[in-house]
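Reading through the structure tokens given below for one structure.
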Amino acid sequence: MVVTTGTVVLGIVLLFVLIILATAIKIVKEYERAVIFRLGRIVGARGPGLFFIIPIFEKAVIVDLRTRVLDVPVQETITKDNVPVRVNAVVYFRVIDPIKAVTQVANYIMATSQIAQTTLRSVIGQAHLDELLSEREKLNLQLQKIIDEATDPWGIKVSTVEIKDVELPSGMQRAMARQAEAERERRARITLAEAERQAAEKLRDAAEIVSQHPMALQLRTLQTISDVAGDRSNVIILPLPMEMLKLFRSLADTAEMARIKLEQEVQEKLEAEAREKAKKE
């Protein structure tokens, strides 16, 4: 088989055409966009799917439109009430304008990371420790708003910012534990005092009812005896009603007065007899 010069040239031309076609054909996925530069100037964004570019004269820069997760490193800062803390966070963002993401910033991922770090330190420095621990959702919204406004010129949309962890010094942790324990003890004492007050009010009401109905005390006594009578090991002491004690005391006073009166009568009788005897003599 004789290979002529024309055949070689034709093969070279076909190879060159295939290379040109391979570089001209571009396929972009559904979640990607291709930013086209023609002689250094922006032509626009193409995709998804199949499209062609002019080799040598046009260049395609692929941009991913999916939501990215950016882990913000631990930041050491001081809160508004002068408490040192270590805070880290996570940022969710995506590209909504691929042209701006390519032309307005050199590396939009690195730029977003730096903005997130500086904003996190700034926001934490303006918040008190109690606010950082109890109102984290409020700080998350504030961070999201500030970072989103800062990255908007780059075609970036920050959807969510979450503070993941807040690390406190060991001394502050012990102080907070003591404070929480003191607060729980205070609540327990208040609850106990309130229970005693309510119990005292109920006892006062019961005493008023019993004073108006004396038989209620005797009925209550009989009910108590009935409750403890089932256990033979118990010793039952029957208290006497106050009315019976008053009766016994009254009887004792009457008997004492009668004895004194009888002694006086006997003494007077003896004195009278002595006087009569003295007269007769």
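Structure above, values below:
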item: Estimated translational D of segment 80-203 in µm²/s (Stokes, Kirkwood radius over Cα pairs; 4 °C; 1.567 mPa s); result: 73 µm²/s
item: Rg [Å, one decimal], Dmax [Å, integer] - segment 21-140, C-alpha atoms; result: 20.4, 65
item: Flagged links, alpha-carbon separation over 32 Å, of 80/157; 26/164; 29/145; 29/138; 80/145; result: 26/164; 29/138
item: Dimensions in Å of segment 1-76 - Rg and Dmax from alpha carbons; result: 20.2, 78
item: Per DSSP, loop trypsin sites (Lys or Arg not before Pro) in segment 1-85 with at most 15 further Cβ within 10 Å; result: 29, 66, 80
item: The chain, accessible surface, carbon-and-sulfur percent (1.4 angstrom probe); result: 59 percent
item: C-alpha long axis of helix 108-125 to longest principal axis of the chain, angle in °; result: 20 degrees
item: Percent RCO, i.e. relative contact order, over the chain, from Cα pairs under 8 Å lying at least 6 residues apart; result: 12 percent
item: Segment residue 50-residue 152, extension gain: residue separation times 0.36 nm, minus the distance between their alpha carbons; result: 33.8 nm
item: Whole-number percent relative contact order across segment 1-96, with pairs defined as alpha carbons under 8 Å at least 6 apart; result: 21 percent
item: Spin-label pair residue 183/residue 279, simplified geometry with 7 Å Cα→Cβ offset, distance in nm; result: 10.2 nm
item: Global form of the chain, assessed from the alpha-carbon gyration tensor, a/c cut-off 1.5; result: prolate
item: Heavy-atom accessible area per residue - the chain, 1.4 Å, Å²; result: 73 Å²
item: Within the chain, helix-based [θ] at 222 nm, where runs of 4 or more DSSP H residues each add -39,500 (n - 2.57), nearest 500; result: -20000 deg cm²/dmol
item: Rg followed by Dmax, in Å, when segment 143-202 is reduced to its Cα trace; result: 23.8, 72
item: Under Karplus coefficients 6.51, -1.76 and 1.60, residue-wise ³J(HN,Hα) of segment 186-200 in Hz, glycine/proline x; result: 4, 5, 5, 5, 5, 5, 5, 5, 5, 5, 5, 5, 5, 5, 5
item: Nearest 10 degrees, 0 to 90: helix 242-280 Cα axis against the chain principal axis; result: 20 degrees
item: The chain: angle of helix 5-24 to the longest principal axis, Cα-based, in degrees nearest 10; result: 20 degrees
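The values are calculated or read from the model by the stated rules, or taken from the named source; none is laboratory data. Note that the structure is predicted; figures quoted are calculated from it, not measured. Using ideal geometry, Cβ is built from the backbone for each residue, glycine included, and neighbour counts are taken over all protein chains shown. Just so you know, the surface numbers come from the protein's heavy atoms only, side chains and all, with ligands and any DNA or RNA stripped out. Shrake-Rupley method; radii C 1.70, N 1.55, O 1.52, S 1.80 Å.
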